[in-house]
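What follows is a short report on a single structure.
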């Protein structure tokens with residue numbers, strides 16, 4: 001019951017950031033979201049449980065996903081993905097919100 005309550009009401013978001021990028025013909029709004037999944041998504045194939053997921057919504061790399069095992073890895077991957085998105089637009093100094 002405690003797990004179910006946490007999944008419904010707990011803060012499962014590790015980090016969430018959004019930025020707008022200029023491109024020819026318009027503007028891309030891109031969101032990078034990293035969350036705790038709540039269940040092991042390794043399906044027995046990994047040595048460590050896969051508990052966190054980072055996804056890109058919108059823009060040049062929309063739909064790309066990374067998964068990992070720890071909160072610390074999730075935070076690091078989130079920042080790396082933001083950099084990857086910025087690099088895809090040639091905007092290394094983009095202000096993420």
task = Would you compute the Debye intensity of the stretch 44-90 from its alpha-carbon atoms alone, equal scatterers and no solvent, and pass along log10 I(q)/I(0) at q = 0.28 Å⁻¹ to two decimals?
result = -1.00
ask   = Roughly speaking, what is the stretch gain from residue 9 to residue 57, that is 0.36 nm per residue apart minus the C-alpha to C-alpha distance, in nm to one decimal?
value = 14.9 nm
task = Please give the calculated 222 nm ellipticity per residue for the chain, where each DSSP H segment of at least 4 residues contributes -39500 (n - 2.57) and the sum is spread over every residue; nearest 500 deg cm²/dmol?
result = -8500 deg cm²/dmol
ask   = Can you sort 43, 21 so the residue with the fewest Cβ neighbours within 10 Å comes first?
value = 43, 21
request  = Averaged over every viewing direction, what's the projected area of the C-alpha convex hull for the chain? Give it in nm², one decimal, please.
outcome  = 7.3 nm²
Sorted by Cβ density within 10 Å, fewest first, the residues 7, 1 = 1, 7
request  = Would you mind pulling out the separation of the Cα centroids of the stretch 40-56 and the stretch 59-78, in Å?
outcome  = 11 Å
request  = Starting with the fewest neighbours, write out 48, 89 ranked by other beta-carbon atoms found within 10 Å of each beta-carbon.
outcome  = 48, 89
Degrees, to the nearest 10: 71-88 long Cα axis against longest axis of the chain = 20 degrees
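We did not get these values from a lab; they are worked out from the coordinates using the rules stated. Computed from a predicted structure; not experimentally measured. Counting neighbours? That spans all protein chains shown, and the Cβs are built from the backbone with ideal geometry, glycine included.
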